[in-house]
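Heads up, the thing below is written out as structure tokens.
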Amino acid sequence: ATTLKGHTGPVLAVRYNSDGNYCLTCGQDRIIKLWNPVKGLCVKTYLGHGHEVFDVGVSSDNSRIASCGGDKNVFYWDVATGQIIRKFRGHDLKVNAVLFAGEESSVVISGSYDKTVRIFDCRSRSYDAMQVMSEATDSVTSMAVRGHEILTGCVDGYVRRYDVRMGEMVSDCLVHPIICVRFTHDGNCVLATCMDNTVRLLDKSNGELLNSYDGHKNDSYKVESAMTRGDAYVACGSEDGRILFWDLVSGKLAHTLNGHSNIVCGLSYHPNQTSMLSCSVDGTVIVWQ
């Protein structure tokens, strides 16, 4: 394992780019960094946020970044120049999550403390959302995209799945606040991290609870889960600094990684290799091989 050090204070998110050759980190220090994780080198630093940065996303061609946080705006950047192309507006409160979607990453989607999900068109000149989803009754904490489906997790305990082609929304109530949602790689299931120290696996088609995973500590802070390549294992960070891996099917704890001294709030699994990134409130990012 290699440790990436460069942030002051908690590192709040870490993301591989689309080919896994680079990664992005963001944190409480208001800074976004682009790294070569194999060499452990910081390639570029992006300055512009006035508040903490909660999340960062990268376009499919790796040329653009979207970021969000306490600024309420969604920042849209040019990777090469480090310049802000646009600041998308409309959220009333801090923005928790951001990602690219659509053909050629033509849209940016954001989820906020203000209970809304907003879709911004990168190709238009507009600073305002082209669509707003207001079904949530509390803070929208996490999102995932697969094809024409948008998955959202919310503090109100609901996983919501929007089919933007059909204009439909399906929701499943898990009762407990949800802080991370992910699709399995095969697209058949949904992984939801809940603040009752449990990660739950749902059948996407009918919302049936297929499995639950526990043994980690998560009742007061946002931690992320991830699927390993091929969906064999579920990984999740813990508030005590561990990262746990469970067998997807049996639900049994398979492996634990120790390396962080504080809450592991972010995970990113490599798109085509057996390696993973984790970031922590301890101020470090670890590259696990």
Inset, instruction - Looking only at segment 247-262, decide whether some residue is in contact with a Cys (Cβ under 8 Å, 6 or more places away or on another chain) and crowded, with 16+ Cβ neighbours inside 10 Å. - result: no
Inset, instruction - Could you grab me the full set of residues in segment 143-156 that are within 24 Å of VAL223 (Cα to Cα) and either touching a residue at least 60 places away in the same chain (Cβ under 8 Å) or outside any strand (DSSP E or B) (or both)? - result: VAL155, ASP156
Legend entry - Residue check, VAL56 touching an Asp or Glu at 6+ places or on another chain (Cβ under 8 Å) and among the hydrophobic types (A, V, I, L, M, F, W, C): no
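Here is a yes/no grid of residues against (1) within 22 Å of ILE286 (Cα to Cα); (2) in a strand (DSSP E or B):
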| site | (1), (2) |
| --- | --- |
| LEU4 | yes, yes |
| GLY9 | yes, no |
| CYS42 | yes, yes |
| THR81 | no, no |
| HIS91 | no, no |
Inset, instruction - Would you confirm whether any residue within segment 50-58 is in contact (Cβ under 8 Å) with a residue 24 or more places away in the chain, in a loop (DSSP other than H, G, I, E, B), touching a strand residue (DSSP E or B) at 6+ places or on another chain (Cβ under 6 Å) and farther than 21 Å from VAL181 by Cα? - result: yes
Legend entry - Odd one out for THR141 among (1) within 23 Å of VAL11 (Cβ to Cβ); (2) of a type in the set (Ser, Thr, Tyr); (3) open to solvent by 60 Å² or more (accessible area, probe 1.4 Å): (3)
Legend entry - Residue satisfying condition, being outside any strand (DSSP E or B), in contact (Cβ under 8 Å) with a residue 40 or more places away in the chain and open to solvent by less than 40 Å² (accessible area, probe 1.4 Å), within set VAL223, VAL234, VAL159: VAL223
Legend entry - Subset of segment 4-55 [at pLDDT 95 or above, open to solvent by 60 Å² or more (accessible area, probe 1.4 Å) and β-branched (Val, Ile, Thr)]: THR8, VAL43
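The values are calculated or read from the model by the stated rules, or taken from the named source; none is laboratory data. Since this is a predicted model, take the numbers as computed values, not measurements. Positions of Cβ are backbone-derived with ideal geometry, glycine not excepted, and every protein chain shown enters the neighbour counts. Areas reflect the complete protein model, heavy atoms only, side chains present, ligands, DNA and RNA absent. Shrake-Rupley method; radii C 1.70, N 1.55, O 1.52, S 1.80 Å.
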